[in-house]
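To keep things clear, I will list the structure first and then write my remarks on it.
Nothing in this text is a laboratory measurement; each read-out follows from the coordinates by a stated rule. As the structure is a prediction and not an experimental result, all values here were calculated from the model. Note that we place each Cβ from the backbone using ideal geometry, even for glycine, and neighbour counts take in every protein chain shown.
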Amino acid sequence: QVRVTESGGGVVQAGGSLRLSCAASGISIRLGTSAVGWYRQAPGKQRELVATISSTGITNYADSMKGRFTISRDNAKNTVVLQMNSLKPEDTAVYFCRRFNGDYWGQGTQVTVSS
């Protein structure tokens, strides 16, 4: 069974950091397999793209996340990590992981940034 699971969310003060993990089971998200993306959805808003990492390791970020967020792979653990620094209240949302090949999504992890 294929599963994509996010973890690492929580409550943090503005200016703080969180590290989200996207773990895959039953399928690989290692280098060379598929692009992986992080998305987020705030209450009352549409889901938006946060960052992607291609199958070859090329990364891209939404403009508002550049310089604050970093997406990376841990091939040994079959995970993709989103390191989030300098968090702002407007970063509050449910964060989702997506494996592009096959369009697999996780259930999301809540991130709340207090002012």
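Please list, in chain and number order, the residues 5+ apart from Val50 or on another chain whose amide H is under 5 Å from its amide H, with Hs placed from the backbone.
Residues meeting the criterion, in which the H sits 1.01 Å from N, are Trp38, Tyr39, Arg40.
For region 75-115, what is the convex hull (Cα atoms) projected area averaged across all directions, in square nanometres?
Mean projected area for region 75-115: 3.8 nm², to one decimal.
Cut-off under 25 Å on the C-alpha distance; same-chain residues fewer than 8 positions from Lys45 excluded. Which lysines are left, in chain and number order?
Within the straight-line limit of under 25 Å, Lys45 reaches these lysines: Lys66, Lys88.
If you bin every alpha carbon distance in the chain into 5 Å steps from zero, what whole percent lands in each bin?
Final binned percentages: 2, 13, 25, 26, 19, 10, 5, 1, 0.
Any chance you could run the full-extension gain for Gln13 through Glu90? It's 0.36 nm times the residue separation minus the Cα-Cα distance, nm to one decimal. If you can, show how the numbers build up before the last one.
Values: separation 77, 0.36 × 77 = 27.72 nm, distance 1.17 nm.
Extra length from Gln13 to Glu90 when fully extended: 26.5 nm.
Sort 76-85, 26-35 by packing, meaning the average of other beta carbons within 10 Å per residue, with the highest value first.
76-85, 26-35
Need one number: % antiparallel among DSSP beta bridges in the chain, to the nearest 5.
Details: 36 of 40 bridges.
Rounded to the nearest five, the antiparallel share is 90 percent.
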